[in-house]
Structures are given as C-alpha cells and as structure tokens.
C-alpha cells in the first residue's frame, strides 16, 4: 500500500489540509470513496487513479485532481466549512441576497458599507449556523437560479458583477432554504428569523 509522498505532504501543508483530512482510496471507485469520505468528512483522497494531465494521485472528494486545479480544492474546503448561510434583503432594490459568511453579526454592515449591488439598506432577515455551509449555500442558489439577477457595482475602485441576487420574495427564499435543511443530513441552528413583511417582493423569472 502506497503512502503519501513527501511532495504530496508538502502540497497538503501549503493548502492547510491535515493528515486527518485525507483518505486512502486504494481499490475503491470514485463513487465508493466519495460516499465514504462524505461520511467521515475527509477532503483529499490518495492512492487514486492518476490524472490524465500530469499523473497526480491526489483527488478531491468529487474526483477532481487537487493539484492540477487548486480551485477544486478551495471549492471542496468551502463546501465543508461551518458558518452561516443567510438571506438578506434591500427594500430600495427590491432584491433578495443569499450568501455564506463566518460572521453574520457584521455581515449587514459589510454589505451596506461596500454598497453591494449599489444598495446600502441591506438587512439580514434569516441566518442559520450549520456544518457544510458552503454546500447548503450552493443548494439554495440552485433552487433560486430561475430568479437570479446580476448587476454591476463599484467595490475597492473596481467594477464588480453580483452573482448572489434574486428577484423573489423573502418567503420564497426562506421556504427553499428551510426545505433543504429539513431534508438533508445537516447540523443546523437558526440564529436569525425576522418576519420581513416589507420584503415580500414579486417573484420574477429571469429571462
């Protein structure tokens, strides 16, 4: 049985991944090691089929080469991170925002200070602390994709494009998020839940 090489260990250390977050996938198919890693909350599999490009043998839980494209590694780590998934609203823009943060207490101040989407009246309406917060964030965004809305705004003197805005009601976003939490194996705890009658915007399907 092969163990991690010195260069692989150095790679993992550079990206803040401990040995306890690795999984020996020798003799397992991608679907087999994916399921086992998900249960045990591992990030990196070794002793896997070498990638076609460089022959690397470190893969993320989803089967992507961790060394050829470290973006996959960052995505996996974000998916596994604990934090807060939140729903915010702007009455001026009549828009809902869904996002992930490690500090929900200061998130509304940050959104308003940076005028996210060119609005400065953001209010956090709903927030849930959870494990696998990045995964939950991706699920709720997928549910709301039909209502997605993009606009440009200035941040740090640079033109930025929003990717977390939705033309829908607060109740629509909250209902979808609660369904994800109730139907998944997530350890979650609602921290903020406001009535938000002033944020029941029209649900507009994107074109």
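The values are calculated or read from the model by the stated rules, or taken from the named source; none is laboratory data. From a predicted model like this one, the values you see are computed outputs, not experimental measurements. All Cβ positions, even for glycine, are placed from backbone atoms using ideal geometry, and neighbour counts span all protein chains on display.
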Given (1) surrounded by 15 or more Cβ atoms within 10 Å (Cβ to Cβ); (2) more than 21 Å from residue 105 (Cβ to Cβ); (3) without any contact (Cβ under 8 Å) to a residue 40 or more places away in the chain; (4) over 19 Å from the mean Cα position of the chain (by Cα), residue 168 misses just (3)
Being in contact with a helix residue (DSSP H, G or I) (Cβ under 7 Å, 6 or more places away or on another chain) and in a strand (DSSP E or B) is the filter; apply it to the stretch 157-168 and report the residue that is nearest to residue 201 (Cα to Cα).
-> 166
The lone exception for residue 135 - which of (1) surrounded by 13 or more Cβ atoms within 10 Å (Cβ to Cβ); (2) modelled with pLDDT of 80 or more it fails = (2)
Taking residue 125 as the residue in question, decide whether it is surrounded by 15 or more Cβ atoms within 10 Å (Cβ to Cβ), closer than 23 Å to residue 201 by Cα and touching a strand residue (DSSP E or B) at 6+ places or on another chain (Cβ under 8 Å).
-> yes
Would you pick out the residues in the stretch 3-18 that are over 16 Å from residue 57 (Cβ atoms) and part of a helix (DSSP H, G or I)?
-> 13, 14
Quick check: anything in the stretch 101-115 touching a residue at least 12 places away in the same chain (Cβ under 8 Å), in contact with a helix residue (DSSP H, G or I) (Cβ under 7 Å, 6 or more places away or on another chain), closer than 18 Å to residue 84 by Cα and in the same structural domain as residue 88 (by TED's automatic domain parsing)?
-> yes
Test: residue 57 is at pLDDT 70 or above, in contact with a strand residue (DSSP E or B) (Cβ under 9 Å, 6 or more places away or on another chain) and assigned by TED's automatic domain parsing to the domain that holds residue 174 | no
Please tell me if residue 159 is more than 14 Å from residue 84 (Cα to Cα), surrounded by fewer than 19 Cβ atoms within 10 Å (Cβ to Cβ) and at pLDDT 90 or above.
-> no
Does residue 191 qualify as being assigned to a helix (DSSP H, G or I) and closer than 18 Å to residue 86 by Cβ?
-> no
Please verify whether the stretch 133-156 includes one or more residues that are within 20 Å of residue 90 (Cβ to Cβ), assigned to a loop (DSSP other than H, G, I, E, B) and under 15 Å from the mean Cα position of the chain (by Cα).
-> yes
